[in-house]
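Okay, structure first, notes after.
The values are calculated or read from the model by the stated rules, or taken from the named source; none is laboratory data. All figures in this text were calculated on a predicted structure; none of them were measured in a lab. Ideal geometry is used to build each Cβ from the backbone, glycine not excepted, and the neighbour counts take in all protein chains shown. To get the accessible areas, we keep the full protein, side chains included, count just its heavy atoms, and leave off ligands, DNA and RNA. Shrake-Rupley method; radii C 1.70, N 1.55, O 1.52, S 1.80 Å.
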Amino acid sequence: MDRTGGGLNDRLIGDSGVPTPRAPEGEAGTAEAGERTAEARSTGEQVTGQVSPRPGPGPIMTGDLVDGRRVLGFGHHVDPLPRTQDAGHAADRLGDRLLLDGDEHASGPPERSIDPTDHPTLVRAGRAPNHQLDDRHVPGAGDIDPGIFASLDGLLYGPEAPGYLGNLVDRLASDGHGVWLAGGAPRDLVAGGAPEAVRDLDATGTAPAGVFLRAVDAVLALDGDSAELPPRFSPRSLVCSVLTVHRDRRTLEYRGLGLTGLPYPATGTDLKEDARQRDLTVNTLLYDPVRQHVLDPLGHALADLGHGTEGPRRHLRLVPPGRPEDPVTCAELLLRAAKFLIRWETRPGLDTDGLLAWVRELPADLPARIDARDTGPDEWLRLATLWEAWVPGGPTTAQGESLRAFGPAASGLLDRLSAPDRRIDAAPPGGSDGPETRDTPEGHQDHGPGVQPAPTARPDRSGGV
């Protein structure tokens with residue numbers, strides 16, 4: 001979708017159409033840019049910039065052409081060779097692979113470099129993420145309390161944030177990549193929550209996993225306070241984590257923008273495709289820390305959080321952004337929705353009509369369809385692990401009755417998970433609440449010494465609205 005009128009601060013957009021890092025305070029031009037942005041927000045006006053075809057240099061994006069074939073995104077190949085003691089770092093052996101039309105039929109990512117200099121026929125035909133949304137999906141000052149921007153910014157750049165976080169965002173931006181806070185943090189702060197309630201941070205972006213991990217290695221090496229933080233990587237879900245050694249600090253979890261339709265994990269650079277893979281519309285909000293914008297890629301999240309154009313928020317609407325067909329994905333989404341129903345059961349104005357309509361469309365034999373899969377036993381164990389992590393000890397009797405009222409699919413799923421042979425004794429290690437729908441918990445590969453795998457992927461650790 002063309003951006004009519006821009007809608008983004010052109011002082012923060014580089015030649016490649018992706019963010020440039022934020023200038024340190026006191027640097028020439030910062031005050032002027034800040035005054036212009038503040039003025040635009042105070043009047044509700046979007047700071048605009050003319051859109052032009054995406055020139056180089058910069059990373060390859062979804063929609064570009066290589067040898068006449070459209071770029072789909074990026075896969076990943078793990079080199080089994082042991083880590084060396086030189087400057088190679090683990091990220092150097094976690095190789096990103098460029099995916100083109102036709103690669104969806106391959107059994108794995110091909111040996112194809114993501115480096116633009118390796119592709120002399122490259123045509124930069126794809127839209128950079130900041131040109132994919134029109135102004136309706138980039139809310140102005142009239143839609144969101146300006147203090148929310150400062151709260152979101154403080155999670156990355158504030159005095160309580162780990163020192164590496166802001167440097168990591170700036171490094172990725174300087175390399176031409178977009179990076180956004182996702183999931184619980186923007187959702188809960190936009191809905192009126194306190195920054196102190198945000199436990200850990202989810203992020204997404206255009207950088208493939210290997211590029212992200214190399215950037216993590218670089219910023220951790222330069223930050224004395226963070227140098228010993230253990231990075232972790234899951235090659236099966238492409239989730240990258242930077243753990244914390246202090247209980248009062250937040251863990252960072254990153255995965256590139258979602259890409260579907262391939263038989264192996266992959267990421268892309270399309271904001272709307274990523275949003276359609278999330279569990280609920282209220283979890284599709286993103287925060288751009290470089291431009292200091294909240295993004296609503298599908299145009300539903302703010303309204304479903306109760307932020308209409310006619311007045312203050314009055315409701316919280318739970319509805320999936322899509323209609324998945326895979327039975328395991330449906331079961332996981334249903335359980336995650338149940339988690340939020342329990343979390344927000346006392347919130348006034350909770351609107352579950354959209355969620356109820358979706359659940360009642362699910363097949364009544366949903367558990368049997370999971371049983372029919374070759375991986376059925378493993379899937380049930382994984383679902384039980386997630387359910388125990390999300391709702392420790394299971395729902396109360398009243399909560400269970402309320403959930404079963406959603407229909408036979410929900411009732412059958414809860415019955416199976418409450419059976420004695422399906423229960424587990426402990427939640428996944430690390431305090432995770434479990435992954436969002438588009439990720440699956442996999443074993444994580446160490447990206448540093450002494451880190452043990454954990455069966456978690458993208459957790460929601462938001463602390464609730």
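Descriptive notes on the structure:
- Residue match in region 215-227 (condition: in contact with a helix residue (DSSP H, G or I) (Cβ under 9 Å, 6 or more places away or on another chain), hydroxyl-bearing (Ser, Thr, Tyr) and surrounded by fewer than 24 Cβ atoms within 10 Å (Cβ to Cβ)): yes
- Inter-residue pairs, beta-carbon under 7 Å, first more than 15 Å from Ala337 (Cα to Cα) and in region 408-420, second among the basic types (Lys, Arg) and open to solvent by less than 60 Å² (accessible area, probe 1.4 Å), 6+ apart: Arg416/Arg422
- Condition met for Asp188 (among the acidic types (Asp, Glu), farther than 29 Å from His307 by Cα and assigned to a helix (DSSP H, G or I)): no
- For region 138-154, filtered to residues that are modelled with pLDDT of 85 or more and out of contact with any strand residue (DSSP E or B) (no Cβ under 6 Å at 6 or more places or on another chain), the residue that is farthest from Gly166 (Cα to Cα) is Ile148.
- Taking (1) open to solvent by 40 Å² or more (accessible area, probe 1.4 Å); (2) free of Cβ contacts under 8 Å to residues at least 12 places away in the same chain in turn, Glu345 satisfies each apart from (2).
- Check on Glu361, out of contact with any Asp or Glu (no Cβ under 9 Å at 6 or more places or on another chain) and either at pLDDT 90 or above or surrounded by 13 or more Cβ atoms within 10 Å (Cβ to Cβ) (or both): yes
- Listed by position, the helices (runs of 4 or more DSSP H) enclosed by region 366-465 that each have at least 1 residues that are modelled with pLDDT of 90 or more, closer than 25 Å to Leu356 by Cβ and β-branched (Val, Ile, Thr) are 366-371, 397-404.
- Scan of region 374-397 for residues that are free of Cβ contacts under 8 Å to residues at least 12 places away in the same chain and of a type outside the set (Asp, Glu), ordered by number: Thr375, Gly376, Pro377, Gly393, Thr396, Thr397
- Among the conditions (1) assigned to a helix (DSSP H, G or I); (2) open to solvent by 60 Å² or more (accessible area, probe 1.4 Å), the only one that Pro120 does not satisfy is (1).
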